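Take a look at the structure set out below.
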Amino acid sequence: WLRSQDAFLSQDALRRGRGSVRDDWIAVRLGEDQREYVDRKGIHVVVGHYMGEAAASPSLNLTDELVNKNEFSPLPNEGKGGSPVQIPSHMLPRMQALFRINRFNLMASDRIPLNRSLPDVRKKKCQAKTYPLDGLPDTSVIIVFHNEAWSTLLRTVWSVINRSPRQLLTEILLVDDASTRTFLQRDLEVYAATLPVPVRVLRSPERVGLVRARLIGAREARGRVLTFLDAHCECTQGWLEPLLTRVAGDRTRVVCPVIDIISDDSLAYVRSFELHWGAFNWELHFRWYTMGGTELRRRKGDVTEPFRTPAMAGGLFAMDREYFFELGAYDDQMEIWGGENLELSFRVWQCGGSVEIAPCSHVGHLFRKSSPYTFPGGVGDVLYTNLARVAEVWMDRWADFYFKFNPDAAAFRPKLNVTARVALRRRLQCKSFEWYLDNVWPQHFMPKDDRFFGKVRNVRTGDCLVKPTGKGSLNQPMGTATTSSCGGDDDLELVRMFVMTPQGVVATDESVCLDAPERDLGDGRVHVRPRARIMACSGRPRQVWKHDKQDQTLRHVASGLCLDSPENSDEEDSILVLSECNGSTGQQWKFEKIPWN
Ligand code: LR7
Ligand code: MN
């Protein structure tokens, strides 16, 4: 149904009123929860967003038989060069049913050969770079998995085999975290034995979670460097050399590739941003942010230069094996999923190493919208316990901040036993979290002595500035600046919190800042559009504000205008604008400090 006559059929259906038109695509409803997307040229159909968890397929039940069947049946050209897979329309109901097994388009994956080609997504300068292999350490690639699909798991393996210099690749270790799928239990060793590099299958008799599964792999590994990958990745040309080169130069570097996107709908390979680094939000959820100034400047001269990142995503990195164990490996009390990426990042940085991203190394990862497997103990309990351990061991005063505003995690604080990890931190004489914030992530928006932290309340309405609910391209909050109720709903406390730095930046969680979009008309003055917005922090002067303690105005420094909650009958009065300062109560703001530790 990628063929153009199908697209015309779709447009016909659209004319009969069963679809909707957007700027650049047309969605046509085929049935209850089936929808196809056709772009304006009528040739590209994206397998749409209808296949998530909610999608129920009336015709097919996920029987044990279906879940345990390996339907891998490749077609030679499918997904070639990272292109999207085309599923014939008569197979859609089955495709939807299969989607639910792994929370990605399993039918699409099963049609792509294990050794499909991929585009060389590297910058020209990266492609031109040479890496003398002689001085490089060898590596064991460790892939842990629980009930992964056959095709994604082995496509990961083949992408490593096909795109790694043979002399650098000691072995691939597949650590099975107690998968229940019969084809994985039965066929993996047999298949591994046919491969041109040593591939060992290690089995955990019981479900141990990804941290302890990786530890099984790390202990068995014979390579000098450990390279971890998720079980649904595809490595592109030249991925390994930049990672190993950095570790060779300094064994305390922990090096990540740029993580590209494999679409969960079409399995297309999509290049991702290179200029983003990893950090976290006030809930300790990992987030990508635009790279901070010093790293950006350091790289100006050379786009191939690796850059330091406050945190890693977690799944994809290379680390010297001895250093990994010297530094305390992983916190083996962490269960199933989550938190280990921040734990390792904080530990590496605070204990003398560094975490970086090598922009010349690109690896695709299949991102899913939800987790396909069980969380023994419950999703929330598992994740919050892991995060509570991170905070308690590594974050000093900011642990109090985390627990104060994340009551779900706070519930686990009294039950934690982190003695061994605290002892490790002392033994390694690691630096403080304050050092980490000041030196590794100076652009952070955590509360600190040098800045205001609390609510920003409008005098006229009594309402408070809030974080917008709209989402930008990196999934960060973004939108018009508005106010809303200052209290009542405790779950929403974090949404009302802002920091204001001595430099006059008003920021909230997720690196978004109070902003006044401007037009530079070339006459030296700043022309501000009336609506105030909350946008990605840029460090630019237009995000600088001054709160006047006397008249309580919040002035936009570049324009001299005042942040205003105007009385206005035909607009929602929660929308904030920039106006000439006039002394009205709508322009008065109280900065209410909230204690956090
Ligand atoms: O109980 C489990 N046992 C396992 O072996 C649970 C998971 N796993 C395996 C699983 O099969 C997979 O191979 O562990 C691997 C990671 O699990 P995913 O793919 O469900 O994790 P994710 O991709 O959703 O999440 C990211 O954050 C995790 C936090 O614990 C891990 O650090 C993942 O490795 C990490 N993935 C990435 O960094 C890829 C890029 C994501 C981004 C941004
Ligand atoms: Mn993953």
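Being in contact with a Phe, Trp or Tyr (Cβ under 6 Å, 6 or more places away or on another chain), over 27 Å from residue 387 (Cα atoms), more than 15 Å from ligand 1 (Cβ to nearest atom) and touching a residue at least 40 places away in the same chain (Cβ under 8 Å) is a description that applies to residue 245.
In segment 370-384, of all residues being of a type outside the set (S, T, N, Q) and in contact with a Lys or Arg (Cβ under 7 Å, 6 or more places away or on another chain), the one that is surrounded by the most Cβ atoms within 10 Å (Cβ to Cβ) corresponds to 372. When every residue of segment 256-270 is checked against the conditions, at least one turns out to be closer than 30 Å to residue 403 by Cα and at pLDDT 95 or above.
Can you find a residue in segment 249-259 that is touching a Lys or Arg at 6+ places or on another chain (Cβ under 7 Å), closer than 30 Å to residue 121 by Cβ and more than 16 Å from ligand 1 (Cβ to nearest atom)? Yes, there is a match, as at least one residue in segment 249-259 is touching a Lys or Arg at 6+ places or on another chain (Cβ under 7 Å), closer than 30 Å to residue 121 by Cβ and more than 16 Å from ligand 1 (Cβ to nearest atom). Of the helices (runs of 4 or more DSSP H) contained entirely in segment 208-299, those carrying at least 3 residues that are within 16 Å of ligand 2 (Cβ to nearest atom) and of a type outside the set (Asp, Glu) fall at 209-220. The set of residues from segment 318-370 being more than 18 Å from residue 217 (Cα to Cα) and hydroxyl-bearing (Ser, Thr, Tyr) comprises 345, 354, 361, 370.
Within segment 363-375, can one find any residue that is more than 13 Å from ligand 1 (Cβ to nearest atom) and of a type outside the set (D, E, K, R)? No. Count of segment 335-373 residues, restricted to those that are within 16 Å of ligand 2 (Cβ to nearest atom) and over 26 Å from residue 273 (Cα atoms), is 3.
Determine whether segment 187-197 contains at least one residue that is in contact (Cβ under 8 Å) with a residue 24 or more places away in the chain, out of contact with any His (no Cβ under 7 Å at 6 or more places or on another chain) and surrounded by 22 or more Cβ atoms within 10 Å (Cβ to Cβ). Scanning segment 187-197, I find no residue that is in contact (Cβ under 8 Å) with a residue 24 or more places away in the chain, out of contact with any His (no Cβ under 7 Å at 6 or more places or on another chain) and surrounded by 22 or more Cβ atoms within 10 Å (Cβ to Cβ), so the answer is no. When segment 71-112 is limited to residues that are in a loop (DSSP other than H, G, I, E, B), touching a Leu at 6+ places or on another chain (Cβ under 8 Å) and not aromatic (Phe, Trp, Tyr), the one that is nearest to residue 187 (Cα to Cα) turns out to be 71.
Table: residues versus (1) over 15 Å from residue 390 (Cα atoms); (2) outside any helix (DSSP H, G or I).
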| residue | (1), (2) |
| --- | --- |
| 403 | no, no |
| 408 | no, no |
| 430 | no, yes |
| 442 | yes, yes |
| 445 | yes, yes |
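Can you find a residue in segment 301-313 that is within 13 Å of the chain's Cα centre (by Cα), within 16 Å of ligand 2 (Cβ to nearest atom), part of a loop (DSSP other than H, G, I, E, B) and under 21 Å from residue 143 (Cα atoms)? Yes, segment 301-313 contains a residue that is within 13 Å of the chain's Cα centre (by Cα), within 16 Å of ligand 2 (Cβ to nearest atom), part of a loop (DSSP other than H, G, I, E, B) and under 21 Å from residue 143 (Cα atoms). Condition check: away from ligand 1 (no atom under 16 Å from the Cβ) and either within 29 Å of residue 474 (Cα to Cα) or over 20 Å from the mean Cα position of the chain (by Cα) (or both). Does residue 219 satisfy that? Spelling it out, it is not the case that residue 219 is away from ligand 1 (no atom under 16 Å from the Cβ) and either within 29 Å of residue 474 (Cα to Cα) or over 20 Å from the mean Cα position of the chain (by Cα) (or both).
Annotation note: Cβ proximity below 9 Å between a residue of segment 434-462 that is at positive phi and a residue that is part of a loop (DSSP other than H, G, I, E, B) (sequence gap 6+ or interchain) occurs for 454/447; 454/497; 454/594; 454/595; 454/596; 462/485; 462/486.
Filtered by the rule that a residue be within 25 Å of residue 296 (Cα to Cα) and within 12 Å of ligand 1 (Cβ to nearest atom), segment 313-342 gives 313, 314, 315, 316, 317, 341, 342. Restricted to segment 204-217, and to residues that are crowded, with 17+ Cβ neighbours inside 10 Å and of a type in the set (D, E, K, R), which residue is farthest from residue 314 (Cα to Cα)? Top of the filtered list is 207.
Among the residues making up segment 218-247, those that are surrounded by fewer than 17 Cβ atoms within 10 Å (Cβ to Cβ) and either among the β-branched types (Val, Ile, Thr) or over 26 Å from residue 151 (Cβ atoms) (or both) are 219, 222. The set of residues in segment 337-347 being among the hydrophobic types (A, V, I, L, M, F, W, C) and buried (at least 24 other Cβ atoms within 10 Å of the Cβ) consists of 342, 344, 346.
The values are calculated or read from the model by the stated rules, or taken from the named source; none is laboratory data. Because the structure is a prediction, the values reported are computed rather than measured. Don't worry about glycine lacking a Cβ; one is built from the backbone with ideal geometry, like all the others, and counts go over all protein chains shown.
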